[in-house]
1. Have a look at 314, 321, 296 and point out the one that is part of a helix (DSSP H, G or I), away from the ligand (no atom under 16 Å from the Cβ) and either under 18 Å from residue 64 (Cα atoms) or touching a Phe, Trp or Tyr at 6+ places or on another chain (Cβ under 6 Å) (or both).
2. From the list 174, 155, which one is among the polar types (S, T, N, Q) and in a loop (DSSP other than H, G, I, E, B)?
3. Residue under question is residue 331, and the condition is that it be over 21 Å from the mean Cα position of the chain (by Cα) and under 23 Å from residue 210 (Cα atoms); does it hold?
4. Suppose the filter is among the small types (Gly, Ala, Ser), more than 26 Å from residue 101 (Cβ to Cβ) and in contact with a helix residue (DSSP H, G or I) (Cβ under 7 Å, 6 or more places away or on another chain); does residue 29 pass it?
5. For region 187-213, name all the residues that are in a strand (DSSP E or B) and either out of contact with any strand residue (DSSP E or B) (no Cβ under 9 Å at 6 or more places or on another chain) or not hydroxyl-bearing (Ser, Thr, Tyr) (or both).
6. For residue 13, indicate whether it is crowded, with 16+ Cβ neighbours inside 10 Å, at pLDDT 95 or above, hydrophobic (A, V, I, L, M, F, W, C) and more than 9 Å from the ligand (Cβ to nearest atom).
7. Of the residues 286, 307, 322, 303, which is out of contact with any helix residue (DSSP H, G or I) (no Cβ under 7 Å at 6 or more places or on another chain), surrounded by fewer than 21 Cβ atoms within 10 Å (Cβ to Cβ) and at pLDDT 95 or above?
8. Looking only at region 233-261, count every residue that is modelled with pLDDT under 95 and polar (S, T, N, Q) and tell me the total.
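The values are calculated or read from the model by the stated rules, or taken from the named source; none is laboratory data. Bear in mind that the values here come from a model prediction, so they are computed numbers and not experimental data. Glycine also receives a Cβ, built like all others from the backbone with ideal geometry; neighbour counts cover every protein chain displayed.
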Amino acid sequence: MSAPSDIYDAIVLGAGAAGMMCAAVAGQGGVRVALIDHGDTPGRKILISGGGRCNFTNLGTAPDRFISSNPHFAKSALGRYTPQDFLALVERYGIAWHEKTLGQLFCDGSAKQIVAMLASECEEANVTLVLGQSIGAIEHRDGRFHVAVGARTLSAPALVLATGGPSIPKIGASGFAYDVARRFGLAVVEPRPALVPFTLGPDEALFRSLSGVATEVTARAGKAAFREAALFTHRGLSGPAMLQVSSYWRHRDPISVDFAPDAEDGWLLAAKRTRPRATLRSALGATLPDRLAEALAERIGVAGILADQSDKVLKAAQERLARWSFVPSGTEGYAKAEVTVGGIATAGLSSRTMEAARVPGLYVIGEAVDVTGWLGGYNFQWAWASGWAAGGAIAARGA
Ligand SMILES: Cc1cc2nc3c(=O)[nH]c(=O)nc-3n(C[C@H](O)[C@H](O)[C@H](O)COP(=O)(O)OP(=O)(O)OC[C@H]3O[C@@H](n4cnc5c(N)ncnc54)[C@H](O)[C@@H]3O)c2cc1C
């Protein structure tokens with residue numbers, strides 16, 4: 001039996017990006033909301049995001065920048081709560097921001113401002129914040145959810161799963177939402193670490209010797225292609241291009257890298273005519289960092305000056321540089337992944353409200369859902385939009 005003070009209209013599990021947005025919107029709609037997190041502070045991923053400046057949205061937000069078993073699912077929420085809506089909130093709080101590149105909006109100051117803004121929105125909405133408490137048994141009876149939190153049991157007719165995915169467990173991330181969802185009969189699409197650096201096996205030792213080198217490439221995994229920077233690390237490959245393709249990568253699939261994305265067709269044959277005494281290494285050095293040019297030339301095995309090479313050899317070298325293929329040994333896993341692809345299957349959820357069709361009153365939002373954005377502010381935009389959709393629907397149900 002819950003004490004009267006533990007009776008709410010909605011309980012939101014997870015005070016992260018989506019949970020705070022949902023709680024604020026529902027509370028501002030007039031319902032009593034409890035927002036619970038096992039961490040001592042809300043929004044911990046927001047605090048470490050975007051290098052501490054939080055890339056809070058992307059102006060290019062469109063459904064095709066999200067990975068999901070159902071590519072249509074995110075359309076409704078993303079269409080109703082847009083980057084401009086979040087930006088209007090940011091501006092209302094006087095938070096200075098800038099566009100970095102590719103539509104990515106960052107705080108000029110600190111990600112702390114975004115957490116403070118959401119906390120203030122929750123406070124204005126009279127949301128009860130319960131922090132540092134682990135969540136125990138969750139029961140559903142008589143049309144209400146009963147959630148054991150520490151020594152108390154809170155109850156409400158609406159329960160929101162907003163505990164995110166398992167990426168970065170050391171700051172409290174967990175697969176909790178998947179376990180709860182399964183218990184309520186919802187399917188979970190196999191989760192995998194995403195936006196994560198690749199590791200390389202012994203065959204690619206060449207790359208490991210290049211630790212610290214960065215260059216612009218086009219990286220491909222299956223049909224996905226991203227033209228951004230790649231960074232060689234002591235363990236493998238990182239940088240935006242590699243993180244992006246990692247979300248599409250499956251174990252044992254090859255990754256293909258174009259090291260000369262701006263080069264025109266036949267550029268090496270043209271170099272043979274214009275700079276016949278150049279070597280492959282020096283020709284590559286015109287556009288690539290020195291150490292990388294040296295390593296690639298060595299691996300391709302074209303020694304001597306270009307004038308001494310047959311056109312066939314140079315064509316093959318050019319082809320290899322445009323489609324450098326390798327199979328990563330794996331990824332750095334959840335410990336280093338910015339997000340998780342997969343998650344609670346959208347098939348069981350309403351795309352308008354995020355409510356589970358077979359469990360009325362149960363909502364799932366944010367990264368816990370099988371919707372994953374590209375790198376660049378898309379994941380927060382999904383958290384805001386799905387949180388807003390569920391919060392609005394809960395407010396519309398009323399107290
Ligand atoms: C290093 C890093 C940088 C990132 N940078 C960006 C960026 O700049 N832009 C962008 O768009 N995305 C970025 N992301 C991704 C983004 O942070 C997430 O997609 C987003 O936070 C997901 O929101 P969410 O509310 O679903 O989950 P979260 O924000 O992860 O919130 C989940 C909350 O649930 C709580 N929780 C988890 N398990 C339990 C449990 N068992 N009991 C109680 N509480 C629990 C957690 O403590 C957490 O507070 C970054 C991620 C990382 C790791």
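1. Details: 314 fails: either under 18 Å from residue 64 (Cα atoms) or touching a Phe, Trp or Tyr at 6+ places or on another chain (Cβ under 6 Å) (or both); 296 fails: either under 18 Å from residue 64 (Cα atoms) or touching a Phe, Trp or Tyr at 6+ places or on another chain (Cβ under 6 Å) (or both).
Unique residue meeting the criteria: 321.
2. Working: 155 fails: in a loop (DSSP other than H, G, I, E, B).
Sole residue among the options that is among the polar types (S, T, N, Q) and in a loop (DSSP other than H, G, I, E, B): 174.
3. Values: over 21 Å from the mean Cα position of the chain (by Cα): no; under 23 Å from residue 210 (Cα atoms): yes.
No: the conditions fail for residue 331.
4. Details: among the small types (Gly, Ala, Ser): yes; more than 26 Å from residue 101 (Cβ to Cβ): yes; in contact with a helix residue (DSSP H, G or I) (Cβ under 7 Å, 6 or more places away or on another chain): yes.
In short, yes.
5. Within region 187-213, the first condition is being in a strand (DSSP E or B), and the residues that meet it are 188-194, 198-199.
188, 189, 190, 191, 192, 193, 194, 198, listed by residue number.
6. On the way: crowded, with 16+ Cβ neighbours inside 10 Å: yes; at pLDDT 95 or above: yes; hydrophobic (A, V, I, L, M, F, W, C): yes; more than 9 Å from the ligand (Cβ to nearest atom): no.
No: the conditions fail for residue 13.
7. After ruling out the rest, the residue left standing is 322.
8. 1
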